[in-house]
Amino acid sequence: MDVSAEMWERLHSAGREQRFGIGEVVLQQGAPASHVLLLVSGRVKVSLTLPDGEVLLLAVRGPGELLGEIAVLDGEGRSATVATIDPCVMRVLPAERFRALLQTAGMDAELLRQAMRRIREGEA
């Protein structure tokens, strides 16, 4: 997700580092939106499980991506599952802190527009 270098640094500083191994689910479809993840290194896959059990690959994301922000912004459960492809280093940022930083920086509207672009990308 495209955020300015300044905003990325603010988010990065506000989170705590966590490391994940290959194949770990870091966000689960339907789970409550308690936090966002900043992907510092490694790659993840984003997938959607349909009601009939079919799994659709929506995207592969790499370093510099913000993950889980859509659910935090809309207050609903996670819209997709995110699992690691490689060993990953991430910064974990609680939802409340994330929303406060966005509002303080005046970034909430821009981030919402970018989140909507991701939804459209997945639909395409």
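The values are calculated or read from the model by the stated rules, or taken from the named source; none is laboratory data. As the structure is a prediction and not an experimental result, all values here were calculated from the model. Glycine also receives a Cβ, built like all others from the backbone with ideal geometry; neighbour counts cover every protein chain displayed. Just the protein is used for accessible areas: all its heavy atoms, side chains included, with ligands, DNA and RNA removed. Shrake-Rupley method; radii C 1.70, N 1.55, O 1.52, S 1.80 Å.
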If a residue must be touching a helix residue (DSSP H, G or I) at 6+ places or on another chain (Cβ under 8 Å), among the aliphatic types (A, V, I, L, M) and modelled with pLDDT of 80 or more, how many such residues does region 84-110 contain? 4
Looking at (1) touching a Gly at 6+ places or on another chain (Cβ under 9 Å); (2) modelled with pLDDT under 90, which is the one condition that is false for Arg113? (1)
List the number of the failed condition for Val44; all other conditions in (1) among the β-branched types (Val, Ile, Thr); (2) modelled with pLDDT under 95; (3) touching a strand residue (DSSP E or B) at 6+ places or on another chain (Cβ under 6 Å) hold. (2)
What number of residues within region 1-31 are open to solvent by less than 70 Å² (accessible area, probe 1.4 Å) and either within 19 Å of Thr104 (Cβ to Cβ) or touching a His at 6+ places or on another chain (Cβ under 8 Å) (or both)? 9
Give region 1-31 a look and list any residue that's under 13 Å from the mean Cα position of the chain (by Cα), outside any loop (DSSP other than H, G, I, E, B) and modelled with pLDDT of 95 or more, or say none. Val25, Val26, Leu27
Given the structure, is Ala5 of a type outside the set (S, T, N, Q), out of contact with any strand residue (DSSP E or B) (no Cβ under 8 Å at 6 or more places or on another chain) and without any contact (Cβ under 8 Å) to a residue 24 or more places away in the chain? yes
Flag if Leu38 is modelled with pLDDT under 95, under 19 Å from Leu102 (Cβ atoms) and among the aliphatic types (A, V, I, L, M): no
